[in-house]
Amino acid sequence: MRERSSRVNPVNPSEEVFTQLHIGLDDVDATVGGCTTHATYLLLKELLSKFRTDFQLIDYPNLVRLNPAVPYKTRGNGAVVIRSVVRKDIINEVIRETTEFVSKYVNSLGFRPGTEPGIAAVIGVVPESLRKLYLKALTDYVPRNYLMSLIKETTKNTEVILPYGLSRGVTGALAGIGWPEGVDCTYELLAYRKELSSCRPRCVDPESIKEMDQLFREETFLNYDYLSRRELITPHGPDPVLLGIRGEDPATLINAYSTLRVCEEVSGYAIFRTNQGTDAHHVLRDAGRIRPYQTGCIKASVASKPKNLMGGTSVIELGSGGRLYAAFFKEAGLSKVVNSLLPGDLVMVCGTCHLWEGLGRVIHAEKLVIESLINYKLMNPRCPKCGARMKSAGRGKGWKCPKCGYRAKDLEKEKVPIKRSVDVGTYLPPESSFKHLMKPLRRYGKEKKCSYVRPAEGWIK
Ligand SMILES: [Zn+2]
């Protein structure tokens, strides 16, 4: 008989003794954006030092952003996932430790209405059903009965533990776990303040942010908006995040961070792998079908001349076989482009769908791609006799010349070439108004297929 080994090589843990454990956290504080990552940062420090080789990360912690259009989410809307291999006999201890830690963390913040933390743990390989949930939570609204039946389906073959039960945060926690491999990703280094609830402005030398941006511009993004002269790496709320540097790979982020001149006490940092800056929520949808709270891209022709509303919002109607509009808000800075569109131009508009009184479905646009522009306008035909522009003789009655009275039935409208003041191409808002999931111009062409990656030395301090 073969002897059952109890000692395992930590680099290649035996499946008998070790198993994958994926823990998702969401809504650890709904009102303060950076808290879920901060709780994770502290929790990971604790788990790694307590369990050592019995608990090993198989990926950087994931920061998974979900549908920004879902109404009760006011800010961040990001779940965090910890992916590990653990000794089977400590699973319960790891989960208990996590739950106690989160409770303590949430309580230490005091009661905040609207907070419903969610914890979910999946033991073993992540099942396909959760990938489905991820896509749904990223691009659509997840009704409670959908979540219930999905959990039922998932738990047939997979062990799922929900220590807080079906709290609202569970959707995000499970969806985050379902974020698949093989799709584009980026990284974010998040550094935390020592003085946690400080309302004082963050102290990072702005010049050093610009220098950092210049040095690492190929591999980082959303550092500084040169247009509005605003630093983008530092948030403004009273949350514990000092700064976040977003980029293509962990090593660059550590280098970039080391060049910043930070003039306040820092408690430390951690690197997260994330779906930020990837346009993951821009799935192609049918214009006739997109519903409120869904995200996505619609390809359609412009149906009528753009309209301008009070407050600087420009609206175009999209030809869809159902009423559908796209709204470009003032902050997007795209009014000039949008107002030069003409009926018949072919566009793709990406964003989130909302319901407006009086208009119906309106896409709040995050991106405009002009695919083709009509280069002529249709004018009434010229009179074959005298050359004057003819007029309609009435519905179905053909044309009549106002000058010489000549009538004709079978003349076609004339295509008159026009010059356009816009070009085909991709139009994005200024970086200062970017939301987490939106892909900045700098990232175009840098898309990659990501897998779980064992964190490299120095990823957490
Ligand atoms: Zn004529």
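Okay, residues lined up against (1) of a type outside the set (Lys, Arg); (2) under 30 Å from Leu48 (Cα atoms); (3) out of contact with any Leu (no Cβ under 9 Å at 6 or more places or on another chain):
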{"site": "Leu253", "(1), (2), (3)": "yes, yes, no"}
{"site": "Cys263", "(1), (2), (3)": "yes, yes, yes"}
{"site": "Arg273", "(1), (2), (3)": "no, yes, no"}
{"site": "Leu284", "(1), (2), (3)": "yes, no, yes"}
{"site": "Arg289", "(1), (2), (3)": "no, no, yes"}
{"site": "Leu309", "(1), (2), (3)": "yes, no, yes"}
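Ile245 meets each of the listed conditions (1) in a helix (DSSP H, G or I); (2) buried (at least 21 other Cβ atoms within 10 Å of the Cβ) apart from (1). The set of residues in the stretch 117-162 being β-branched (Val, Ile, Thr), under 22 Å from Thr98 (Cα atoms) and in contact (Cβ under 8 Å) with a residue 60 or more places away in the chain consists of Ile119, Val122, Ile123, Val125, Val126, Ile161.
Every residue in the stretch 248-272 that is assigned to a helix (DSSP H, G or I) and either among the aromatic types (Phe, Trp, Tyr) or under 25 Å from Lys449 (Cβ atoms) (or both), please. Even if it seems obvious, please write down each step before you answer.
To start, the set of residues in the stretch 248-272 that are assigned to a helix (DSSP H, G or I) comprises 250-258.
Result: Pro250, Ala251, Thr252, Leu253, Ile254, Asn255, Ala256, Tyr257.
If you go through the stretch 195-217 and keep only what is assigned to a helix (DSSP H, G or I) and not aliphatic (A, V, I, L, M), you end up with Pro206, Glu207, Ser208, Lys210, Glu211, Asp213, Gln214.
Here Asp225, Asp239, Asp184, Asp279 are screened, and the one residue that is within 20 Å of Leu44 (Cβ to Cβ) and either touching a Gly at 6+ places or on another chain (Cβ under 9 Å) or touching a residue at least 40 places away in the same chain (Cβ under 8 Å) (or both) is Asp239. For Lys367, the criteria (1) buried (at least 18 other Cβ atoms within 10 Å of the Cβ); (2) outside the structural domain of Thr295 (by TED's automatic domain parsing); (3) not aliphatic (A, V, I, L, M) hold in every case but one, which is (2). Among the residues of the stretch 1-57, those that are assigned to a loop (DSSP other than H, G, I, E, B) and either at pLDDT 95 or above or within 19 Å of Tyr187 (Cβ to Cβ) (or both) comprise Gly33, Gly34. Restricting attention to the stretch 376-431, and to residues there that are aliphatic (A, V, I, L, M) and away from the ligand (no atom under 16 Å from the Cβ), which single residue is nearest to the chain's Cα centre (by Cα)? Restricting to residues being aliphatic (A, V, I, L, M) and away from the ligand (no atom under 16 Å from the Cβ), the top hit is Leu428.
The values are calculated or read from the model by the stated rules, or taken from the named source; none is laboratory data. These numbers come from a predicted model, not from an experiment. Positions of Cβ are backbone-derived with ideal geometry, glycine not excepted, and every protein chain shown enters the neighbour counts.
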